[in-house]
Amino acid sequence: RWLGFERDEVRAWYLAAGLTDVVVDCAEGDCCTTAPNGEALALRIFVAYGLKP
């Protein structure tokens, strides 16, 4: 089971922390790995940032 983050959830965390101009977007890359069951996985990489007022 993947315990990653939903982008909308990350955006909500940043906003709840008081950041402004929050951006959560694709970093145009994959992280390729193998799951414990042997399945090949390509996980999307994202970048998130915001401004401290």
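Taken together, the values in this text are just the output of simple stated rules run on the coordinates, not laboratory data. Every value quoted in this text rests on a predicted model; they were computed, and no experiment measured them. Every residue, glycine among them, receives a Cβ derived from its backbone with ideal geometry; neighbour counts consider all protein chains shown.
Any chance you could count how many residues in segment 21-42 are within 19 Å of Phe5 (Cβ to Cβ) and over 10 Å from the mean Cα position of the chain (by Cα)?
Counting residues in segment 21-42 that are within 19 Å of Phe5 (Cβ to Cβ) and over 10 Å from the mean Cα position of the chain (by Cα) gives 11.
Which residues, taken from segment 5-17, are surrounded by 10 or more Cβ atoms within 10 Å (Cβ to Cβ) and not acidic (Asp, Glu)?
Phe5, Arg7, Val10, Arg11, Ala12, Trp13, Tyr14, Leu15, Ala17
Among the residues of segment 33-45, is there at least one that is surrounded by 12 or more Cβ atoms within 10 Å (Cβ to Cβ), in a strand (DSSP E or B) and out of contact with any helix residue (DSSP H, G or I) (no Cβ under 8 Å at 6 or more places or on another chain)?
Yes.
Within segment 6-19, can one find any residue that is of a type in the set (A, V, I, L, M) and in a strand (DSSP E or B)?
no
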